[in-house]
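Peer 1: Have a look at this one.
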Amino acid sequence: MKSILSFGEVLWDAFGDEKVAGGAPMNVALHLAKQGASVAFASRVGADASGFELIEYLTKNNLYSELIQQDEELPTCEVTVQLDENQQATYIIPEPVSWDNIQTDTILTSAAQKASAILFGSLACREENTRNTLLNLLNETIALKVFDVNLRAPHYTVSTIENLAARANIIKMNEEEAGLLIHGSNGGLKEKMTKFRKKYQVQTICVTRGENGAIVWHDDEFYEHPGYKTEVVDTVGAGDSFLATFMNGLLNKQPMQQVLEKACAVGAYVTGKRGANPEYDERIKNLLK
């Protein structure tokens, strides 16, 4: 079985008085585990009550290992989540926090060298320490490199995004992010993706389009899916569940149109539930078999 290393932030998402474990790389790892993939998760929490609660959560969900570092000075991250009238989420993210200081060590380097794929995003790379750790890992491995753009203003710079994109084999972003990153093209989304691909020479580009599904450029062909209609509860984690399903199918060499169909189905399912990591119902379990 191919192994996946998911690298980046883990945190608490606070919805008013309720808080749930989150962070895009953690959410992706959790969905991959639910789908039977061999996945390891690397991050850093604070040596505080919130950090120990996250360790307990990760342990319960089989994601805790020596790859979860602890920071004696920086706190565990707690994010304020705000939902608009369309249940679209925005995030208030404190800085600095423990995952801004993920350190290179032999355990993490070994995990990267053994992985078949490494997933990473832009948020955890906002500060130099974690960014340099990731870049070191990417230099040390021949694994498939999967970049989840996942922009969270003001926690990114264009130069960092370009640096990460240049190292990736697969890039996933949403339509708004594509508009921000692909400049100088007056054409449609396909034309923008083609321009992006020529600049970065990536194997696969995936752009999600919310309720309208997704479009993928892969091995010189475009694939599209219109998405599935669902009553939206919130959009937290929908893109993460999509990406997990997409990666799992791709690594298992399933036909791309089938991969895209499954990813859109799981993403839509998650938008119909509260939070990023609902339990799968029988329909989704059967779809993923």
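Every number here is computed from the coordinates shown, using simple stated rules; none is lab data. Small disclaimer: the values here were computed from a predicted structure and weren't measured. Every residue, glycine among them, receives a Cβ derived from its backbone with ideal geometry; neighbour counts consider all protein chains shown.
Peer 1: Find how much the distance from ASN86 to GLU211 grows on full extension, using 0.36 nm per residue of separation minus their present alpha carbon separation; answer in nm with one decimal.
Peer 2: Here the answer is 43.8 nm.
Peer 1: Grab the beta carbon distance between GLN113 and ALA49, set R0 = 45 Å, and tell me the FRET efficiency rounded to 0.05.
Peer 2: Result of the calculation: an efficiency of 0.85.
Peer 1: Let me ask you something else. For the range 3-288, give the share of DSSP beta bridges that are antiparallel, in percent and rounded to the nearest 5; count only bridges with both residues there.
Peer 2: Bridges in the range 3-288 are about 40 percent antiparallel.
Peer 1: Compare the Cα positions of TRP217, ALA49, CYS77 along the charge dipole of the range 3-288 (+1 at Cβ of Lys, Arg; -1 at Cβ of Asp, Glu; about the Cα centre) and return the one farthest towards the positive end.
Peer 2: Going by the charge dipole, the pick is TRP217.
Peer 1: While we're on this one: Given N residues in the chain, what is Rg(Cα) / (2.2 N^0.38 Å)?
Peer 2: Taking N as the residue count of the chain, the ratio is 0.93.
Peer 1: To the nearest 0.05, what FRET efficiency results for GLU176 and SER3 with a Förster distance of 30 Å applied to their C-beta separation?
Peer 2: Computed FRET efficiency for GLU176 and SER3: 0.40.
Peer 1: Quick one: compute the contact order of the chain, relative version, from alpha carbon pairs under 8 angstrom and 6+ residues apart, as a percent.
Peer 2: 15 percent
Peer 1: Still on this model: Could you work out the helix-only [θ] at 222 nm for the chain, with each DSSP H run of four or more residues adding -39,500 (n - 2.57) and the total divided by the number of residues, to the nearest 500 deg cm²/dmol?
Peer 2: Only helices count here, giving -11500 deg cm²/dmol.
Peer 1: Okay, next question. Could you check the simple spin-label distance between ASN286 and ALA153, using points 7 Å along Cα→Cβ, in nm with one decimal?
Peer 2: Placing both labels 7 Å beyond Cα along the Cβ direction yields 4.4 nm.
Peer 1: Using θ = phi - 60° and the Karplus relation 6.51 cos²θ - 1.76 cosθ + 1.60, list the HN-Hα couplings for the range 203-209 in order, rounded to whole Hz, with x at every Gly or Pro.
Peer 2: Result, rounded to whole Hz: 7, 9, 10, 10, 10, 8, 10.
Peer 1: Assuming 0.36 nm per residue, please report the length gained on full extension of the stretch ASP105 to ASN136 beyond their Cα-Cα distance.
Peer 2: 10.1 nm
Peer 1: For GLU78 and LYS190, what is the calculated FRET efficiency with R₀ set at 51 Å and r taken between the beta-carbons, to the nearest 0.05?
Peer 2: 0.80
Peer 1: Taking 7 Å along the Cα-to-C-beta vector as the label spot, tell me the SER65-THR160 distance in nanometres, rounded to one decimal.
Peer 2: According to this spin-label approximation, the distance is 2.6 nm.
Peer 1: Find the all-direction average of the projected area of the Cα convex hull for the range 136-289, expressing the result in square nanometres with one decimal place.
Peer 2: Here the figure is 9.8 nm², rounded to one decimal.
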